[in-house]
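Okay, so here's the structure we're looking at.
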Amino acid sequence: MDQYLTFALPKGKLSGKTLELLHTIGLPLDGVETEGRQLVFTFPEEELRYIICRPTDIPTYVEYGAADLGIVGKDTIEEAGADVFELVDLKFGYCRFVVAALREKWEQAGSLEELLAMGHRRVATKFPRVAANFFRNQGLQVEIIKLHGNIELAPQVGLADLIVDIVSTGRTLRENDLVEVAPIFPATARLIANRVSYRLKHRQLAEMAAKMRAAVEKQETGTVR
């Protein structure tokens, strides 16, 4: 067993809060950058290693044991369908999965069933697993179209009747004359663990999770400044 505890850290929007949290619980961060070219940072005295990953890859690194722990959004975990332990809800990086449609079409239809009956039953999304699970649970048959960006364009040019996307303020929807027609679920950053690592390195991982949980609770009660 590798003596090092390997921790997958995300690039992008979650990186700032992630580094703040690691600093709060006393982990070493000298020289660690999430947006630079260096992708591995090792601290031999603490037997700790960070690897810097794209958020969409973190569930895979953790599931297959290349990392013992990782921090990533619940949205990414659900879309990946990875077999990992979720240890702590870290409460930052809040967003929501929603179904959205063009305002005019929604006002004409008034329900998902009616809107889909009016069109081609196509749903555009960057999250096909989440979208497929939602519509299956609603008993609605749709065709999922995977896109990699600018999801809001799809209804405007007739590619899809609906979109499934993540929103925080809803501003992008409004700017594209889209309205939320159904919530799916909220998402925040989570601490996840490899299942085998959680058994073999249980003390280390449990201590890490406990420290993070305590830091989150203090932050929520306003005792961390």
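The values are calculated or read from the model by the stated rules, or taken from the named source; none is laboratory data. Everything numeric here is computed off the predicted structure, so don't read it as measured data. Every residue, glycine as well, gets a Cβ built from its backbone with ideal geometry; the counts of neighbours run over all protein chains shown.
Whenever a residue of segment 180-191 is over 23 Å from R54 (Cα atoms), its partners that are polar (S, T, N, Q), lying with C-beta atoms within less than 9 angstrom and at least six residues away or across chains, give the pairs V181/S111; A182/Q138; I184/N133. Residues that are under 26 Å from V164 (Cα atoms), crowded, with 18+ Cβ neighbours inside 10 Å and in contact with a strand residue (DSSP E or B) (Cβ under 8 Å, 6 or more places away or on another chain) occur at least once in segment 40-53. The residues of segment 1-39 that are without any contact (Cβ under 8 Å) to a residue 40 or more places away in the chain, loosely packed, with under 12 Cβ neighbours inside 10 Å and of a type in the set (S, T, N, Q) amount to a single one, Q38.
For A80, the test of being within 30 Å of V157 (Cα to Cα) and assigned by TED's automatic domain parsing to the domain that holds G139 is failed. Selection of segment 192-213 for residues being surrounded by fewer than 17 Cβ atoms within 10 Å (Cβ to Cβ) and either touching a strand residue (DSSP E or B) at 6+ places or on another chain (Cβ under 8 Å) or free of Cβ contacts under 8 Å to residues at least 40 places away in the same chain (or both) yields R195, R199, H202, R203, Q204, A206, E207, A210, R213. Taken as a whole, the structure leaves A117 outside the set of residues that are in a helix (DSSP H, G or I) and within 18 Å of P186 (Cα to Cα). Elements of the type strands (runs of 3 or more DSSP E) sitting completely within segment 1-74 and holding at least 1 residues that are in contact with a Leu (Cβ under 7 Å, 6 or more places away or on another chain): these cover 5-10, 48-53, 69-73. Looking at segment 66-75, can you tell me whether even one residue there is closer than 17 Å to I192 by Cβ and either surrounded by fewer than 21 Cβ atoms within 10 Å (Cβ to Cβ) or hydroxyl-bearing (S, T, Y) (or both)? Scanning segment 66-75 turns up at least one residue that is closer than 17 Å to I192 by Cβ and either surrounded by fewer than 21 Cβ atoms within 10 Å (Cβ to Cβ) or hydroxyl-bearing (S, T, Y) (or both). The single condition among (1) assigned by TED's automatic domain parsing to the domain that holds H202; (2) touching a Phe, Trp or Tyr at 6+ places or on another chain (Cβ under 6 Å) that V142 does not satisfy is (1).
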